[in-house]
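Asks: My questions will all concern the structure given below.
The values are calculated or read from the model by the stated rules, or taken from the named source; none is laboratory data. All values reported here derive from a predicted model rather than from experimental measurement. Cβ coordinates were reconstructed from backbone atoms using ideal geometry, including for glycine residues, and neighbour counts include every protein chain displayed.
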Amino acid sequence: MKNLLFVFSTLVLLTSVSLTGCGSGLRFGGTVQFDDGTPVEGALVSFIDAKRQYDGLTNAQGRYTLTGATPKDGIPPGEYQVAVSMRSNDDEKSTFPEKYASVETSGLTCKVNEKENSAFNITIIKSEKK
């Protein structure tokens, strides 16, 4: 009986220790809107550095929150290139400027700072097709 209690206690301890590391990083996000103030719904926002990519999908208000491999994973502090692409129907894709879909052409960068965990709001200029 003592051995069973010891094994159970050990398993509980190991489980709690392994869960402590989950969800590391900062909760970070912002909004995406067109230059006329209309929120962009259904856009995929990607923050990319040399090691990883962190993504968030905008809701009806244009808000996004970045996640890593799991929704609990946050984004580590650092410098990121940013891309925004549409994941909606063909009509919306055709009116969304292509230039924002790639970090090479978007011109968007963001520094995520652990002490200043503020939002990164993005304005999409409709007239910029490429």
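Asks: Considering only the range 52-73, how many residues are within 8 Å of the chain's Cα centre (by Cα), under 13 Å from PHE28 (Cβ atoms) and not hydroxyl-bearing (Ser, Thr, Tyr)?
Replies: 4
Asks: I want to confirm something. Restricting to the range 46-94 and keeping residues that are modelled with pLDDT under 90 and small (Gly, Ala, Ser), which single residue is surrounded by the most Cβ atoms within 10 Å (Cβ to Cβ)?
Replies: Ranking the candidates gives GLY74 first.
Asks: Scan the range 106-123 and give yes if some residue there is surrounded by 11 or more Cβ atoms within 10 Å (Cβ to Cβ), assigned to a helix (DSSP H, G or I), at pLDDT below 95 and among the aliphatic types (A, V, I, L, M), otherwise no.
Replies: No: zero hits.
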